[in-house]
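J.: Here it is, the structure in full.
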Amino acid sequence: MSALLSGLETAFYMTNRLKVYWEYLHGVPEGQSRLNFETALTMFHSLVLQFLARAIQVYKRSVLSRSFNAFWSPDEISGFDSECEKIAARVEIEASNCCRTLSTVEQERAIRLEANLQTALKELEEIRIIKESVDMLANKIDEAELPSAGGAAFNSYDGELDARCHPDTRTDLLRQIEDWAEDPQGKCIFWLNGMAGTGKSTISRTVAQRFADARQLGASFFFKRGEVERGNASRLFTTIAAQLQDSVPSIIPFLTEAIQNNRGIAKKMLKEQFENLIFHPLQEVGRTSASALKLVIAVDALDECERDGDISTILHLLSQFQRLESHRVRVFLTSRPELPVRLGFKKMSSKQHQEVLLCDIPKTTIEHDISTFLKAEFKNIRENNNSSRPPSSLLSADWPDGPTIDKLTTMASPLFIYAATVCRFVGDTRFDPESQLATILDFQTVNEDLQLDAIYVPILERSLYDLSNTRKQKLVQEFQDVVGSIVVLADPLSAISLASLLRISERIVDARLDPLHSVLSIPSNSESPVRFLHLSFREFLLDDAKEGKSPFWVDKIKRHEVLATRCLNAMSEHLRYNICNLQSPGTLRQDTDSRTVDDCLPAHIRYACRHWIYHLQQSKRSVQDGDAVHNFLLKHFLHWLEALSFAGCISESIGLIRTLSSLIAVSGLDKWHFALIHI
């Protein structure tokens, strides 16, 4: 049916073009040229009328007959479009021939008529384009049917401050990536492989930005461990499909049809999602489109996808773009060289992907790029400092000197994250830049073998300088409460929401976060979420090798247990019957004002409702008769479901209940458990 509608749109557009041509014909004098022009117009008119007549025949059939006799195939519609364009081109030629046989006076008049003709045709085309764009927007698929992972796109608001490559760095690599995308014989997947901190995500954002500027970016997905929607593959393909609506609007009818024919597709296996939401719709676009698409899809940090089995599946499915005959769809992908990723590529033909290892880039090139980056960033630090400090605190024009830049370059190489973190630490406007830089340089002489420790440890220890042991212990405990919780959160929370969930003052949260601007993204708006700037800092805090050796080591099982308890306490105190004070029990969720929901269910309560079972599961605790979980469910089970509904997450409830059921101790079965396991 979508093919038929496409053909009808072409027919009606061509009918309008015919009307314009006939008006032009009336101003052309009699003669052979006019006769040829009129003959071409008649053929044009006949073609459109034949198509419309056949369409009416199909429409008059019974619904059952139409379903068994699908007369209109995409190939036929494509053929009709092509034939229309051929005859339209002939009409244009005959119109031009008319001008050549006219007298000078007649030619002047015909030129004016032709100018009017071209203006009318241009306006008609513009109207058609506008109409198609409006139709596409009107048909854009509802987010509930095609859910996207928040913050996954390269240009999302959450990543607005994330770095791009300096214009004078990574030049050869970026040129190589652009050449790969433009090469008709290029391989389907470009895998950029590098260890933590080597700048893969910065390169990904730069690549995505460049292809977006060239209108060739189909979609982007940046995995991020520690965030529910970006830490697994459940929303990878739905997010890509949702973005394709904007980059390839003509895909919308085929996406709509796929969703209608596959109810609940967003919850199905990755293979079904990929084929129904991406591969087949792109195939259909290719069959009905006059020109081939050239698209690049960027997937960053695939190694941060939680389930190893999903990684292999994703790679296999992405390689299927090689089979698309009508379009050139390429995938730019980055990851660490983790075993699941390497095994996934090992199963793939070498003809389907090419690999570039960042460690294979010459050391001199990496050091040049890091040095260039450091010089540019320290120039900014110097200018910011000198514009806001008294004359006695001004930095000299050659600060830091060449040998210092060289030393920092050596210390950082090959880790761009080291250089970026140094610059954020030294550039913190609350401290003296020279003192900050000295701290980094001094620490390096003690820990030459621990490159990331050499940057993260001094940042953390700076907050404990010149304090008594009692005061240090208190600050370390507050660090564990605040930063330790941020490390294991299922989704990022704002400072104010974290304080509410943990039941500590916002002042304490701010105080513990304040020294960590160089390793955490801490928005000035206290209602925006706090995030890790780089996964390596999270891994540094969770490294089991630091247990008992570093006061900053985070015991993730203990933190999950604390958060599970905090979530239960927050929900027990807040949830109640009819929490949004609805006047009628039959009021639909979409008819409830969003401000009312936000007021009645603040962010920390919504977080607790969605993720308390996750924290309970990660804490390795079981549920038993008479414990806090059992008592909460006896009193607030229905209140919790109502809150999930208002939060727009009721579809998650079945999975949450099943997970909770798996945590119930066998010896603690009761009537509630028996009811639960049969849901």
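The values are calculated or read from the model by the stated rules, or taken from the named source; none is laboratory data. Everything quoted here is computed from the prediction, not taken from an experiment. Virtual Cβ from ideal backbone geometry, glycine too; neighbours counted across all protein chains shown.
J.: Taking the conditions exactly as written (within 15 Å of SER148 (Cα to Cα) and either under 12 Å from the mean Cα position of the chain (by Cα) or free of Cβ contacts under 8 Å to residues at least 40 places away in the same chain (or both)), does PHE274 satisfy them or not?
T.: no
J.: Taking the options ALA397, ALA419, name whichever one is under 30 Å from TRP180 (Cβ atoms), at pLDDT 90 or above and small (Gly, Ala, Ser).
T.: Being under 30 Å from TRP180 (Cβ atoms), at pLDDT 90 or above and small (Gly, Ala, Ser) holds for just one of ALA397, ALA419, which is ALA419.
J.: Working only within segment 166-209, note down all residues that are crowded, with 16+ Cβ neighbours inside 10 Å and among the hydroxyl-bearing types (Ser, Thr, Tyr).
T.: Hits for segment 166-209 are THR169, THR198, SER201, THR202, SER204, THR206.
J.: Here's something else I'd like to know. State all residues of segment 394-421 that are part of a helix (DSSP H, G or I) and either free of Cβ contacts under 8 Å to residues at least 40 places away in the same chain or not assigned by TED's automatic domain parsing to the domain that holds ARG382 (or both); if no residue qualifies, say none.
T.: Scanning segment 394-421 gives GLY402, PRO403, THR404, ILE405, ASP406, LYS407, LEU408.
J.: Right, another one. Could you tell me which of the residues ALA212, ALA219, ALA292 is surrounded by fewer than 19 Cβ atoms within 10 Å (Cβ to Cβ), closer than 20 Å to TRP180 by Cβ and touching a residue at least 40 places away in the same chain (Cβ under 8 Å)?
T.: Going through ALA212, ALA219, ALA292 in turn, just one is surrounded by fewer than 19 Cβ atoms within 10 Å (Cβ to Cβ), closer than 20 Å to TRP180 by Cβ and touching a residue at least 40 places away in the same chain (Cβ under 8 Å): ALA212.
J.: I'd like the residue in segment 620-665 that is of a type in the set (Gly, Ala, Ser), under 29 Å from ALA266 (Cβ atoms) and surrounded by 14 or more Cβ atoms within 10 Å (Cβ to Cβ) and, out of all such residues, is modelled with the lowest pLDDT.
T.: SER651
J.: Does at least one position in segment 555-568 carry a residue that is touching a residue at least 40 places away in the same chain (Cβ under 8 Å), in the same structural domain as GLN617 (by TED's automatic domain parsing) and of a type in the set (S, T, N, Q)?
T.: Yes, segment 555-568 has at least one match.
J.: Inspect all residues belonging to segment 271-282 and state whether any of them is at pLDDT 95 or above and either outside any helix (DSSP H, G or I) or closer than 26 Å to LYS200 by Cα (or both).
T.: Among the residues of segment 271-282, at least one is at pLDDT 95 or above and either outside any helix (DSSP H, G or I) or closer than 26 Å to LYS200 by Cα (or both), which makes the answer yes.
J.: Test ARG589 against the criterion of being farther than 30 Å from PRO458 by Cβ and touching a residue at least 12 places away in the same chain (Cβ under 8 Å), and give yes or no.
T.: When the stated conditions are applied, ARG589 passes them.
J.: Another one. Inside segment 634-663, can you point out the residues that are more than 23 Å from VAL597 (Cβ to Cβ), touching a Leu at 6+ places or on another chain (Cβ under 9 Å), in a helix (DSSP H, G or I) and hydrophobic (A, V, I, L, M, F, W, C)?
T.: Residue satisfying the conditions is LEU660 alone.
J.: Still on this structure, please answer the following. For segment 497-513, which positions are touching a residue at least 40 places away in the same chain (Cβ under 8 Å) and surrounded by fewer than 19 Cβ atoms within 10 Å (Cβ to Cβ)?
T.: ARG503 - this is the single residue of segment 497-513 that is touching a residue at least 40 places away in the same chain (Cβ under 8 Å) and surrounded by fewer than 19 Cβ atoms within 10 Å (Cβ to Cβ).
J.: Still on this structure, please answer the following. Would you please list the contacts, defined by Cβ atoms under 7 Å and residues six or more apart or on different chains, that run from a residue in segment 325-347 that is touching a residue at least 60 places away in the same chain (Cβ under 8 Å) and closer than 21 Å to GLU178 by Cα to a residue that is assigned to a strand (DSSP E or B) and of a type in the set (Asp, Glu)?
T.: From residues that are touching a residue at least 60 places away in the same chain (Cβ under 8 Å) and closer than 21 Å to GLU178 by Cα, the pairs are THR334/ASP300.
J.: Residues that are in contact with a His (Cβ under 8 Å, 6 or more places away or on another chain), without any contact (Cβ under 8 Å) to a residue 60 or more places away in the chain, part of a helix (DSSP H, G or I) and outside the structural domain of PHE416 (by TED's automatic domain parsing): does segment 473-487 have at least one?
T.: No, segment 473-487 has no match at all.
J.: Could you list, in sequence order, the residues of segment 202-236 that are in a helix (DSSP H, G or I) and either out of contact with any strand residue (DSSP E or B) (no Cβ under 9 Å at 6 or more places or on another chain) or farther than 22 Å from CYS649 by Cα (or both)?
T.: Passing the criteria: THR202, ILE203, SER204, ARG205, THR206, VAL207, ALA208, GLN209, ARG210, PHE211, ALA212, ASP213.
J.: Any chance you could count how many residues in segment 566-583 are loosely packed, with under 11 Cβ neighbours inside 10 Å and over 19 Å from LEU501 (Cα atoms)?
T.: Going through segment 566-583 one residue at a time, the tally reaches 3.
J.: Does segment 387-398 include one or more residues that are surrounded by 16 or more Cβ atoms within 10 Å (Cβ to Cβ) and more than 38 Å from the chain's Cα centre (by Cα)?
T.: yes
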